[in-house]
Amino acid sequence: MSIEIGIEEVRHMAALSRLAVTEEEERLFAGQFAAIVEYMNVLQDIDVNGVEPLYSPVDQESVTRPDTAFHARTREELLQNAPESDEQYFTVPRIV
Amino acid sequence: MSELCYASMSDVAKRLQQKDVSVLEVVQSCLDRIEKTEPVLHALLARNAEGAITKARELDASGPDRSKPLWGVPVTIKDVILTKGLPTTAGSKMLEKFSPPYNAFVTDKLLDAGAVVLAKANMDEFAMGSSTENSAYYPTNNPWNPKKVPGGSSGGSAASVAAGQCFASLGTDTGGSIRQPASFCGCVGLKPTYGRVSRYGVIAYASSLDQVGPLTRSVEDCARVLQVIAGHDERDQTSSPRPVPDYVTGLGRRKGLDGVRLGIPQEFLGEGISSEVREVFEDVRIRAEKEGARISLVSLPHTKAAIATYYILAMAEASSNLARYDGVRFGFRASESRELLDLYVRSRSEGLGEEVRRRIMLGAFVLSSGYYDAYFKRAAQVRRIIRDEFTRVLQECDALLAPVSPVAAWDHGSNANDPLAQYLMDAYTLSLNLAGLPGLSLPAGLGKESGMPIGVQLIGKAFFEEDLLAVGHALERILPSIGNPSM
């Protein structure tokens, strides 16, 4: 698979990531990303036919527990790191 | 230099239990050492001098407790691990004011064992880097030569242990972040098997690769810290329920290296390795062979694909994990955002550093529609091939013996603006994170050209830390002592 990484691709990646990039960064990242993605293309030559993907080194068995409610933290603890709150809820700019 | 702060942790723990020395004396000697070395090192972020002195007085008043193996022992903790009451920033502006509402599993384990936390250790932002130059606060310097980096991402932990600021530190290792700084600073570092130590309360970078482990000045100290932090935790779904063996007693299970089968992966000695690292490694091989180790060359043919595999998976997981930093519930919020999307974008763009943003964007790319199969899925397939190769060679060997890094610690600023060049430096450490295996880095000598510490690593079978540490303990005894940095 071959892909050219340019300014447009960097803008797309930034949008997907909810990040803003300056014009200077667009140029910097385009050059760096092109080199990195080119390097990653080493995987395209490996025969992976029939190989099951390995997403975790441990056998992922879903561990279940009884669905019972408990108070892990107080409201105060959960709000203590909020950049803005009204003491009851996290607050954000008006959305409607 | 106070001799006390360079004693081994095992020795100090014993002397504390015997009341041969008070907790306050030990803590004070480390705090003095911190005062003396920090202006040069910058190994630490939040410091806890007052809290540590108060705790020392309390412990001295109540007296030694034999059930607590780290009773009175001063430690530092990498700043990616949550510590209630001590700010935890992960080296990022994003979490500059973050005050954890709870302790990580490993923090609780250290405190329950009687350890005294002196400070949080500096690191590359969100553990992304190999030099600690990506810290949003300041870079850490190498205690052997401040012009050099300490390695990373647990560079603050390694520098603080090597400089005698503490007796042990906890780091995290996603692609080498414990073993490589341990090698660069001349200390011992262990990345345990994935699942051996709970990740609960550890700020996530790449969840299928991250693992917490100790940095110490000896293999025995390392075994004692692992003993405390290993074990099952139901709050981490990947935490293993396997029983934890007695690692300290286990150190005696190998009577030297006689008959120990060590495999050297030939792909780790190819192009890119510096002559001084090759020399130190060759010296280790000869010494081990002389002691009766049975050494053979083994092959891990897909090693050349490991760097690409690792970075694709790590970046993908990072882009997903770091989506939580949106300026709403915790962390930095950009001022004067008028609507929600603008708040997300500006908070993330202003709060996250360049390398972190780079990895998030590349991670989003390899997961995106049209590229998912070619990059993310394919990398996960190659990951299985790499793991199976390790499993196969480890059937014929007790452990693998390999260099930790192709080079010794480099000068600050060497790889600025060339992220790929820096990624390539992780070639020898990251493949075992892909496979989930344990790796132990120990100091093996000083480089002839750089004069800097150079380490070797032993790679073991999954959940066989007991034997890995025993082999490491035997190897440690026949390696030349590099001493302590003169600062």
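Strands (runs of 3 or more DSSP E) wholly in region B:383-487 with at least 1 residues that are at positive phi and under 20 Å from the mean Cα position of the chain (by Cα) - which ones?
Numbers: elements: B:399-403, B:439-446, B:453-459.
Hits in region B:383-487: B:439-446.
Consider B:Glu465 carefully, then state whether it is farther than 28 Å from A:Phe33 by Cα, among the acidic types (Asp, Glu) and crowded, with 22+ Cβ neighbours inside 10 Å.
yes
Which of (1) closer than 24 Å to B:Val456 by Cβ; (2) at pLDDT 95 or above; (3) assigned to a helix (DSSP H, G or I) is the odd one out, the single condition B:Ile264 does not satisfy?
All conditions pass for B:Ile264, except number (3).
Taking region B:211-229 only, how many residues are open to solvent by 10 Å² or more (accessible area, probe 1.4 Å) and either modelled with pLDDT under 95 or of a type outside the set (S, T, N, Q) (or both)? Spell out how you get there, then give the answer.
At the first step, the residues of region B:211-229 found to be open to solvent by 10 Å² or more (accessible area, probe 1.4 Å) are B:217-218, B:220, B:224, B:227-228.
Now drop any that are not either modelled with pLDDT under 95 or of a type outside the set (S, T, N, Q) (or both), which leaves B:217, B:220, B:224, B:228.
Final tally of qualifying residues: 4.
Let's see how each residue does on (1) of a type in the set (Gly, Ala, Ser); (2) outside any loop (DSSP other than H, G, I, E, B); (3) in contact (Cβ under 8 Å) with a residue 12 or more places away in the chain; (4) under 22 Å from B:Cys5 (Cα atoms):
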| site | (1), (2), (3), (4) |
| --- | --- |
| B:Pro139 | no, no, yes, no |
| B:Pro150 | no, no, yes, yes |
| B:Ser183 | yes, yes, yes, yes |
| B:Gly195 | yes, no, yes, no |
| B:Tyr200 | no, no, yes, no |
| B:Ala206 | yes, no, yes, no |
| B:Val225 | no, yes, yes, yes |
| B:Ser239 | yes, no, yes, no |
| B:Gly250 | yes, yes, yes, no |
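Restricting attention to region A:44-96, which residues are open to solvent by less than 90 Å² (accessible area, probe 1.4 Å), under 30 Å from B:Asp388 (Cα atoms) and at the interface with chain B (Cβ under 8 Å from one of its Cβ atoms)?
Selection gives A:Gln44, A:Ile46, A:Val48, A:Val51, A:Pro53, A:Leu54, A:Ser56, A:Pro57, A:Val58.
Against the conditions (1) open to solvent by 10 Å² or more (accessible area, probe 1.4 Å); (2) at the interface with another protein chain (Cβ under 9 Å from one of its Cβ atoms), where does B:Ile360 fall short? Just the number, please.
The number of the failed condition is (1).
Would you call B:Gly72 of a type in the set (Gly, Ala, Ser), within 19 Å of B:Phe167 (Cβ to Cβ), over 22 Å from the mean Cα position of the chain (by Cα) and open to solvent by less than 30 Å² (accessible area, probe 1.4 Å)?
yes
Could you tell me which numbered condition B:Ala90 fails, if it satisfies all but one of (1) out of contact with any Gly (no Cβ under 9 Å at 6 or more places or on another chain); (2) open to solvent by 20 Å² or more (accessible area, probe 1.4 Å); (3) closer than 21 Å to B:Ser131 by Cβ?
Among (1) out of contact with any Gly (no Cβ under 9 Å at 6 or more places or on another chain); (2) open to solvent by 20 Å² or more (accessible area, probe 1.4 Å); (3) closer than 21 Å to B:Ser131 by Cβ, the lone unmet condition for B:Ala90 is (2).
Test of understanding: among B:Thr174, B:Thr107, which residue is open to solvent by less than 10 Å² (accessible area, probe 1.4 Å) and either assigned to a loop (DSSP other than H, G, I, E, B) or modelled with pLDDT under 95 (or both)?
B:Thr174 is the lone residue from the list that is open to solvent by less than 10 Å² (accessible area, probe 1.4 Å) and either assigned to a loop (DSSP other than H, G, I, E, B) or modelled with pLDDT under 95 (or both).
Which of the residues spanning region A:10-43 are under 17 Å from the mean Cα position of the chain (by Cα), more than 26 Å from B:Ser208 (Cα to Cα), facing chain B (nearest Cβ under 9 Å) and of a type outside the set (Gly, Ala, Ser)? Talk me through it step by step, then tell me what you get.
Taking region A:10-43 as the starting set, the residues that turn out to be under 17 Å from the mean Cα position of the chain (by Cα) are A:10-21, A:33.
Of the ones still in play, those that are also more than 26 Å from B:Ser208 (Cα to Cα) are A:10-12, A:20-21.
When the remaining residues are screened for being facing chain B (nearest Cβ under 9 Å), the result is A:10, A:12, A:20-21.
Answer for region A:10-43, where residues must be under 17 Å from the mean Cα position of the chain (by Cα), more than 26 Å from B:Ser208 (Cα to Cα), facing chain B (nearest Cβ under 9 Å) and of a type outside the set (Gly, Ala, Ser): A:Val10, A:His12, A:Val21.
Regarding B:Ser239, is this residue touching a His at 6+ places or on another chain (Cβ under 8 Å), within 14 Å of another protein chain (Cβ to nearest Cβ), on the phi < 0 side of the Ramachandran plot and open to solvent by less than 30 Å² (accessible area, probe 1.4 Å)?
yes
Which members of region B:316-342 meet the condition of being at the interface with another protein chain (Cβ under 8 Å from one of its Cβ atoms), touching a Lys or Arg at 6+ places or on another chain (Cβ under 7 Å) and more than 28 Å from B:Phe376 (Cβ to Cβ)?
Correct list: B:Phe332, B:Ser337.
What are the residues in region B:369-426 that are among the polar types (S, T, N, Q), without any contact (Cβ under 8 Å) to a residue 12 or more places away in the chain and open to solvent by less than 50 Å² (accessible area, probe 1.4 Å), if any?
B:Gln381
How many residues, within region B:1-29, are of a type outside the set (Ser, Thr, Tyr), modelled with pLDDT under 95 and closer than 19 Å to B:Ala49 by Cα?
Selection size over region B:1-29: 2.
Those residues that are assigned to a loop (DSSP other than H, G, I, E, B), within 20 Å of B:Asp326 (Cβ to Cβ) and open to solvent by less than 10 Å² (accessible area, probe 1.4 Å), I need them from region B:93-104; list them, please.
Narrowing region B:93-104 to residues assigned to a loop (DSSP other than H, G, I, E, B): B:96-104.
Adding the requirement that they be within 20 Å of B:Asp326 (Cβ to Cβ) leaves B:96-101.
Hit for region B:93-104 is B:Pro100, nothing else.
The values are calculated or read from the model by the stated rules, or taken from the named source; none is laboratory data. Model, not experiment: these values are computed from the prediction. Glycine gets a Cβ as well: all are built from the backbone with ideal geometry, and neighbour counts include every protein chain shown. Accessible surface is based on the protein model in full, side chains and every heavy atom, while ligands, DNA and RNA are left aside. Shrake-Rupley method; radii C 1.70, N 1.55, O 1.52, S 1.80 Å.
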